[in-house]
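Beneath this line is the structure, given in structure tokens, with notes to follow.
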2 protein chains.
Amino acid sequence: MSSYCVATYRCYDDKADFHKKAQSIAVGLTVGSWTELPAAKQKEMEKHLGQVLSVQVTEASDAPDGSGGRYADIRIAYPDINFSADVPALLVTVFGKLSMDGRIKLIDLQFSPSFLSGFGGPKFGVAGVRELLGVHDRPLLMSIFKSVVGHDLEELSHQFYGQAAGGVDLIKDDEILFENPLTPIEKRVEACMAAAGRAQAVTGQKLLYAVNVTGPASKLADQAKKAIAAGANAILFNVLAYGFDTLRELSADPDINVPIAAHPALAGALYPSPHYGISASVLLGKLMRLCGADLVLFPSPYGSVVMPKEENMAIRHALVTDKLDEDYVYRAPGSVDNLPSLLLRSSFPVPSAGIHPGLVPWIIRDFGTEVVVNAGGGIHGHPLGTAAGGQAFRQAIEAVMNGVALADYAESHPELDAAIERWGAKQ
Amino acid sequence: MSSYCVATYRCYDDKADFHKKAQSIAVGLTVGSWTELPAAKQKEMEKHLGQVLSVQVTEASDAPDGSGGRYADIRIAYPDINFSADVPALLVTVFGKLSMDGRIKLIDLQFSPSFLSGFGGPKFGVAGVRELLGVHDRPLLMSIFKSVVGHDLEELSHQFYGQAAGGVDLIKDDEILFENPLTPIEKRVEACMAAAGRAQAVTGQKLLYAVNVTGPASKLADQAKKAIAAGANAILFNVLAYGFDTLRELSADPDINVPIAAHPALAGALYPSPHYGISASVLLGKLMRLCGADLVLFPSPYGSVVMPKEENMAIRHALVTDKLDEDYVYRAPGSVDNLPSLLLRSSFPVPSAGIHPGLVPWIIRDFGTEVVVNAGGGIHGHPLGTAAGGQAFRQAIEAVMNGVALADYAESHPELDAAIERWGAKQ
């Protein structure tokens, strides 16, 4: 019995015979033609033939408003034997040509045990990142520079120190900070890690700095290693600008022994349309985890740049679920595999944009404690300064972890109080 | 005076103040904040600040039906000094975060002379591909295997010979043919190039075979070189599965001295929505040419997998125009650059899918003669066999180049006659 990877599509059409369409996809994207093959040839080719697993039609009258009317969710299993065990080959097989064939969106992927076994997943994952930081009992706190373009080393390290002094666990570069003469990567790492050291002397707390690895595709690994040699203890990577296989290679490289934070830059070109593209949970969930992102940023449902909450929850689930057999794995009926139980470390969800301390209870309610609270303006814009901004977040986290209402905790914590005064606390 | 690259967005919103939105993009994606900066700091940062070039609002009452209502086309100039001169950095700068910020589509890009001068463009281009083939006076003819998955070397080389014998100029792998035990890349190249040699002995005609280069991102160049060492004289590449910079690196590699055909696999996840993504003319036009694709495939407006004709024409224009100063270059007012006149070789447009000989007059009417006529079913499905399929296309091309109506030419050309009988000729 062959093993298969499974793609689920949502396909819109007012009139199509979706069962016929599903069949034509299963044949067209695998063996090319079927019914006209002689029986002997069919027997030979059967192991290469795509299989329609299910077709669920929703008629226009039952479709949600604004959805674009009648649609079907179509699940098709593609034999592993047809493609090499890498994400580019899988995506090109299941959605290469098909992406251009009318209103159709790739909404889920499942992988055969054999395909999945070729992927290491996150090198650190949630537990590994916690281990590096020595923080096990609360959500982590990440902050973003206020602005980076046009600033020199002194200004960046000043910003860095302010954030670090407030007790954040991770600081990330802006995704738009590229190799530049003012703050070249090695100098930047040195300056920022020196600031981290000064802050640690005060806070007693470790910190990861995710430096943005950019430039020519074939030099990214070298850039990462240069940064690590200069002291970087994490990297930030614009995955979608380079493709998932490049993330996988960076993650699999034994010399890149630091966590990788995946930035979602450009993802909005792919996930938001109901009719086209690739769903957020595949793009920023399953594929990021498979290819080794230790942390994944995505637009929160709270702020100005928003993603609907159910999509956030689907990403979260894809990043942290330990029920791989349920969500990631497709075992063909009757297939017997002797592969050991599959394991992928989980990736930290990092809902981002528009986050202020008053939202912390909501973040923890929605995401649980395995989450990174990530803030920019909500730290730098604090009325008492950047360090107080970080402290206010840490206080909000403490309050929630201790089951105390923010308003009550704020009475004895002036930084949190000032933050709530400034931004409010969502009720 | 700084130099700038320019992004044009189409942005949908029922109520937004688009001028304000444009300003917030120009500031937010560059210096981060502006009005609150002290005057001295503003002076220092001005060279990093994005500039709103124009905002054209179309009110809902004037918007085309189904467009999604009120929108604005917003042009913003981004200082080159903010990003490194590569496509990932440019895309992340102009559309990284912004892609996730509501209904907004990147519809055009223009480049500073300095940014553009870092790109070699196609190594061969239209003229170079013609030179390799020795064909200067007509559209080229490309064909696709009938089916590749599950076939062995003998079957593939048999299919190859049939296509070559009909007089096609180029044969391309299926984009879903990956490294596999039946037809590994070196063996496949050897078998197919041997078939090409046998066909050339009959037809007297040269032929390019574009073999699909796949696998781990960092090994693609090695794969290409292995294929070339085995005799490959062209390569096919799934650009969007790996990113534009990888295409640029393959094209810039002096040891990869064969034309590159760019396949549009996955492009449909990005271009078709009016509200999200990146327009086809940027994705499959400007960026492909900039990064060195000698030929670019895209869905034709004629067949089953269709792209609207105006988008086809916009891609064509981006691939072949020699008016780079008009369409590709943005020169900031008052900027003085001493760069030599810019030149990018043109890329061959390859409108694909659903092509049969009866469409050749329409292809040439729409695309002119600098086009590759690309067929699969329209060659393999010919009633008199695959070789006759190729001949019918060549006859259709001859007819059009000689100003003879297909129906008249078919009277003395039985292959063309049979093709028209089978598929008709679009009136």
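Just so it is clear, none of the values below were taken in a lab; they were calculated from the coordinates. None of these values were measured; they are calculated from a predicted model. Please note: Cβ atoms are built from the backbone with ideal geometry, for glycine as well, and neighbour counts cover all protein chains shown.
Could you list all residues from the stretch B:168-187 that are away from chain A (no Cβ under 14 Å) and under 18 Å from residue B:153 (Cβ atoms)? Passing the criteria: B:171, B:186, B:187.
Just one of (1) buried (at least 16 other Cβ atoms within 10 Å of the Cβ); (2) more than 13 Å from chain B (Cβ to nearest Cβ); (3) among the basic types (Lys, Arg) fails for residue A:21. It is (2). Taking the stretch A:35-49 as the range and being of a type outside the set (A, V, I, L, M) and either more than 10 Å from chain B (Cβ to nearest Cβ) or part of a strand (DSSP E or B) (or both) as the test, the residues that pass are A:35, A:36, A:38, A:42, A:43. Picking from residues in the stretch A:61-86 that are in a helix (DSSP H, G or I) and in contact (Cβ under 8 Å) with a residue 24 or more places away in the chain, the one that is nearest to the other protein chains (Cβ to nearest Cβ) is A:82.
For (1) in contact (Cβ under 8 Å) with a residue 40 or more places away in the chain; (2) within 14 Å of chain A (Cβ to nearest Cβ); (3) surrounded by 24 or more Cβ atoms within 10 Å (Cβ to Cβ), each residue gets a yes or a no:
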site	(1), (2), (3)
B:88	yes, yes, yes
B:100	no, yes, yes
B:108	yes, no, no
B:112	yes, no, yes
B:120	yes, yes, no
B:128	yes, no, no
B:140	yes, no, no
B:144	yes, yes, yes
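Across the stretch B:314-328, the qualifying residues are those that are of a type in the set (D, E, K, R) and closer than 19 Å to residue B:295 by Cβ, and the one among them that is surrounded by the fewest Cβ atoms within 10 Å (Cβ to Cβ) is B:322. Residues of the stretch B:380-412 that are among the β-branched types (Val, Ile, Thr), farther than 27 Å from residue B:346 by Cα and assigned to a helix (DSSP H, G or I): B:386 alone. For residue B:331, indicate whether it is more than 24 Å from the chain's Cα centre (by Cα), more than 29 Å from residue B:147 (Cα to Cα) and basic (Lys, Arg). Yes, satisfied.
Taking the options A:123, A:146, A:172, A:206, name whichever one is within 30 Å of residue A:83 (Cα to Cα) and basic (Lys, Arg). That would be A:123, the only listed residue that is within 30 Å of residue A:83 (Cα to Cα) and basic (Lys, Arg). With a requirement of 1 or more residues that are within 13 Å of chain A (Cβ to nearest Cβ) and among the hydrophobic types (A, V, I, L, M, F, W, C), the strands (runs of 3 or more DSSP E) lying completely within the stretch B:206-275 that satisfy it span B:234-238, B:260-263. Restricting the stretch A:276-297 to residues that are in contact with a Phe, Trp or Tyr (Cβ under 7 Å, 6 or more places away or on another chain) and within 8 Å of another protein chain (Cβ to nearest Cβ) leaves a set whose member that is surrounded by the most Cβ atoms within 10 Å (Cβ to Cβ) is A:277.
Scanning the stretch B:279-328 for residues that are in contact (Cβ under 8 Å) with a residue 40 or more places away in the chain and basic (Lys, Arg) turns up B:286, B:289, B:309, B:316.
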